[in-house]
Amino acid sequence: MGAPIALSWSRLSDYYQCPLKFKLKYLEKNQKFKEDESASPHLVRGSNVHKALENYVVQATSNGELEVKITSLPEVEATKPFVDRFIQGYDQVIPETQIAVNVNWERLEWFDRNTMYRAIFDLIAMRPSDVAIIDYKTGKMRDYDGGPSGLGQLHLSATIALNLWPNIPEVSTTYAYVDHKQTVVKKFNQEDGLRMRKHFEEEHARVNADDKFKPTVNEFCKWCPATRDMCPYSRKL
């Protein structure tokens, strides 16, 4: 029996959209699905904003010991007061962190073959009463997409956090739209974590049990790079 298929929210979203796309992109690693982030100005900008905010937290929490070059971007400057509230109000603030967990929701190394879920937390703020997880978003605001079940990325992040820190009574997960100075916030307690844990375990089992990965026709087909020899619904030769 091979290693389980590791999931993240982006992978799970692709599976919901089309299981065949998921298979081609993540299991077969078809080159047509390989994204060149340097070719997209939107992705480059998003990466620059994330890195600048990460550097700001590193510098702000170093007690003056580090001086990190921070890219001067208007959206970064506008987001600093939001970040400062966590730096000043929480006992510990951690910049961008890669989190991987196994089927028991125990933390692993990022590329451990026994990983069940992976997530990147752009900011973690901790104190005895609660943990806050922040995900910076660039570009236009969107309605919170929880997928078919309504349990989306903010729910998955909260489930991971509630299991990693079971003694913390509450976790909040936030989309921070840096271009709009707006947030989407969800709050969860440990009881919520038990319900969501069951859901995401079932979703992981469902993906891993799929041996057909049938294509699903949807509104995103027109942008899918799959060709006719890969997918019967493709419009590309």
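List of remarks:
- Across the range 187-216, the number of residues qualifying as touching a residue at least 40 places away in the same chain (Cβ under 8 Å) and not in a loop (DSSP other than H, G, I, E, B) comes to 9.
- Residue 68 surrounded by 13 or more Cβ atoms within 10 Å (Cβ to Cβ), modelled with pLDDT under 95, out of contact with any Asp or Glu (no Cβ under 7 Å at 6 or more places or on another chain) and of a type in the set (A, V, I, L, M, F, W, C): yes
- Filtered by the rule that a residue be loosely packed, with under 13 Cβ neighbours inside 10 Å and either among the basic types (Lys, Arg) or in contact (Cβ under 8 Å) with a residue 40 or more places away in the chain (or both), the range 217-237 gives 220, 222, 228, 235.
- Filtered by the rule that a residue be surrounded by 13 or more Cβ atoms within 10 Å (Cβ to Cβ) and closer than 21 Å to residue 171 by Cα, the range 130-146 gives 130, 131, 132, 133, 134, 135, 136, 137, 144, 146.
- With respect to (1) at pLDDT below 95; (2) closer than 22 Å to residue 119 by Cβ, the lone exception for residue 5 is condition (1).
- Selection count, the range 11-40, where residues are surrounded by fewer than 13 Cβ atoms within 10 Å (Cβ to Cβ), of a type outside the set (A, V, I, L, M, F, W, C), at pLDDT 90 or above and in a helix (DSSP H, G or I): 2
- Filtered residues of the range 130-180 (kept if of a type outside the set (A, V, I, L, M, F, W, C) and assigned to a strand (DSSP E or B)): 130, 135, 136, 137, 170, 172, 173, 174, 175, 177
- Failed criterion for residue 63 (all others in (1) outside any helix (DSSP H, G or I); (2) modelled with pLDDT of 90 or more hold): (2)
- Tally of residues being hydrophobic (A, V, I, L, M, F, W, C) and within 13 Å of the chain's Cα centre (by Cα) across the range 152-175: 5
- Of the set (1) more than 30 Å from residue 129 (Cβ to Cβ); (2) surrounded by 19 or more Cβ atoms within 10 Å (Cβ to Cβ), all apply to residue 156 but (1).
- Taking the criterion of being under 20 Å from residue 12 (Cα atoms), of a type in the set (A, V, I, L, M) and out of contact with any Ser or Thr (no Cβ under 6 Å at 6 or more places or on another chain), the residues of the range 108-146 that qualify are 116, 120.
The values are calculated or read from the model by the stated rules, or taken from the named source; none is laboratory data. Everything numeric in this text was worked out from a predicted model, so none of it was measured. All Cβ positions, even for glycine, are placed from backbone atoms using ideal geometry, and neighbour counts span all protein chains on display.
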